[in-house]
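The values are calculated or read from the model by the stated rules, or taken from the named source; none is laboratory data. Bear in mind that the values here come from a model prediction, so they are computed numbers and not experimental data. Quick reminder, even Gly has a Cβ in these numbers, built from the backbone with ideal geometry, and neighbours come from all protein chains shown. What goes into the accessible areas is simple: the full protein's heavy atoms, side chains included, and nothing from ligands, DNA or RNA. Shrake-Rupley method; radii C 1.70, N 1.55, O 1.52, S 1.80 Å.
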Amino acid sequence: MAFVLKDAFVEVDGVDLSCHVASVEVMLSKAEVEANTMCGQATLAGIEQSAFTITFLQSFAVGEVDDTLYPIFLNEEEVTINVRPHQTAVSTSNPQYSGSVKLFEYTPLAGAVNERSETSVTFPVQGSMSRATA
């Protein structure tokens with residue numbers, strides 16, 4: 001059933017940043033590996049290259065966006081991200097996508113006069129992303 005994304009849950013390193021999220025994308029991806037032979041063409045799935053891309057409305061308050069993301073970037077930490085379509089509990093109709101991630105690029109301040117300050121961040125998953133329904 002189709003739905004409108006209105007109340008996604010986004011948790012970064014144990015901090016619920018949902019109220020600062022303007023958009024979220026969970027991208028599952030594997031490298032394509034050609035396995036062509038003299039008998040034909042084939043493509044195999046290679047290493048997983050999944051990622052979370054999140055656009056935050058920036059906040060420099062304690063316990064909010066910059067206070068959470070900057071130390072992850074600075075210390076090259078590997079942290080966990082949890083994302084669900086809705087704020088409600090994990091279920092078959094509200095799966096949680098989780099992954100251990102690193103932050104290699106962070107733009108803490110961007111914007112123009114009379115525009116909201118946003119930061120779009122891509123968190124590459126280290127290893128495999130998981131999907132829980134219970």
Give the accessible surface of segment 32-134 per residue, rounded to a whole number of Å², with probe radius 1.4 Å and ligands, DNA and RNA excluded. 61 Å²
Quick one: net charge of residue 85's neighbours, Cβ under 10 Å, K/R +1, D/E -1? +1
For residue 102 and residue 38, extending 7 Å from Cα along the Cα-Cβ vector and measuring point to point gives, in nm, a value of 4.2 nm
So for the chain, what are the equivalent ellipsoid semi-axes in whole Å, largest first, each being the square root of 5 times an eigenvalue of the Cα gyration tensor? 30, 19, 15
Where the centroid of each part is defined by its Cα atoms, how far is segment 1-19 from segment 51-109 in Å? 10 Å
Between residue 48 and residue 2, what FRET efficiency follows from the Cβ-Cβ distance if R0 is 25 Å, with the result rounded to 0.05? 0.35
I need to check one value: relative contact order of segment 1-76, counting alpha carbon pairs closer than 8 Å and at least 6 residues apart, in percent. 28 percent
How far is helix 65-74 tilted off the main Cα axis of the chain, in degrees rounded to 10, range 0 to 90? 50 degrees
Remind me, relative contact order of the chain in percent, using alpha carbon pairs under 8 angstrom and six or more residues apart? 26 percent
Heavy atoms only, probe 1.4 Å: what % of the accessible area of segment 1-123 goes to carbon and sulfur, would you let me know? 54 percent
Rounded if a/c under 1.5, otherwise prolate or oblate - segment 68-134, Cα gyration tensor axes: oblate
For every helix of n ≥ 4 consecutive DSSP H residues, a contribution of -39,500 (n - 2.57) applies; sum these over the chain, divide by its total residues, and give [θ] at 222 nm rounded to the nearest 500 deg cm²/dmol. -2000 deg cm²/dmol
Comparing 32, 105, 115 in a Gaussian network model of the chain (Cα, 10 Å), the one with the largest mean-square fluctuation is 115
